[in-house]
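Report on one structure; see the data block that follows.
The values are calculated or read from the model by the stated rules, or taken from the named source; none is laboratory data. Computed from a prediction, not measured in an experiment: that's the story for all the values here. Using ideal geometry, Cβ is built from the backbone for each residue, glycine included, and neighbour counts are taken over all protein chains shown. Ligands, DNA and RNA are excluded from the accessible area calculation, which covers all protein heavy atoms including side chains. Shrake-Rupley method; radii C 1.70, N 1.55, O 1.52, S 1.80 Å.
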Amino acid sequence: MVRATSKNIKDLDHIISLVKDAETGQRGYLLSGDARFLEPYTRAKAKIDDAITDLSVQLTKTGGQTQNMEKLRNSIDTRIAILDRNLNYKRGNNPVSPEQLLEGKKYMDEIRTMVSIMQSAEKDVLAARTDNMNKFASYTPLLIILSAILAITITLVFFRKVNQDFMETSR
């Protein structure tokens, strides 16, 4: 469970990285008009849905995290739609206005905020799970010692019983 929670935190970082890659590709294309700059955009766009779906399945199933995941998904979908729209404007030889870019920035800020909130919640879960794991780990030496004592006791009891049976049979 500790590993799964740590993976969720990393996956949230990966999702925001993919959205940043898409933004970077779009920005390069808008500035240059060179389609080679769209490679990170295309790659990231293809991976975003899978990354979100995988995270949704793995994410801690708390009411807050489920709602946060939906908000994050909606913000990402809207951000990608804005990126697509801006690219289509540029392909049609229309300039992209600062207002259109600011609209995209608004959704990117929402994505950053949601990822931060979700990571904070996962870090809280991680801390609780780590404490729980450490508590159980502290009992391990005691359990090993008790098991060894129990094994020795059982061995001695059976040895005594077998020895008594042997002595009785010998008589």
> Restricting the first residue to the range 68-83 and requiring it to be farther than 17 Å from Pro98 by Cα, which pairs with a second residue that is not hydrophobic (A, V, I, L, M, F, W, C) meet a Cβ separation below 6 Å and a spacing of at least six or different chains?
Replying inline: Met69/Ser56; Ser75/Tyr107; Ser75/Glu110; Thr78/Tyr107
> For Leu102, all conditions in the list (1) more than 25 Å from His14 (Cβ to Cβ); (2) in contact (Cβ under 8 Å) with a residue 60 or more places away in the chain; (3) in a helix (DSSP H, G or I); (4) among the hydrophobic types (A, V, I, L, M, F, W, C) hold save one; what is the number of the exception?
Replying inline: (2)
>> With the structure loaded, tell me whether Lys161 is of a type outside the set (Val, Ile, Thr) and either surrounded by 14 or more Cβ atoms within 10 Å (Cβ to Cβ) or not in a helix (DSSP H, G or I) (or both) or whether it fails that test.
In response: no
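Could you check the range 1-17 and list, in sequence order, the residues that are within 18 Å of Ala81 (Cα to Cα) and open to solvent by less than 10 Å² (accessible area, probe 1.4 Å)?
Ile15
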>> I need a count of the residues in the range 106-152 that are open to solvent by 50 Å² or more (accessible area, probe 1.4 Å) and in contact (Cβ under 8 Å) with a residue 60 or more places away in the chain.
In response: 4
> Looking at (1) open to solvent by less than 60 Å² (accessible area, probe 1.4 Å); (2) farther than 30 Å from Asp124 by Cβ; (3) modelled with pLDDT under 90; (4) touching a helix residue (DSSP H, G or I) at 6+ places or on another chain (Cβ under 7 Å), which is the one condition that is false for Lys90?
Replying inline: (1)
> Considering the range 44-81 alone, what residues qualify as being in a helix (DSSP H, G or I) and either among the polar types (S, T, N, Q) or in contact with an Asp or Glu (Cβ under 6 Å, 6 or more places away or on another chain) (or both)?
Replying inline: Ala44, Thr53, Leu55, Ser56, Gln58, Gln65, Thr66, Gln67, Asn68, Asn74, Ser75, Thr78
>> Restricting to the range 24-45, give me the number of residues that are in contact (Cβ under 8 Å) with a residue 24 or more places away in the chain and surrounded by 20 or more Cβ atoms within 10 Å (Cβ to Cβ).
In response: 4
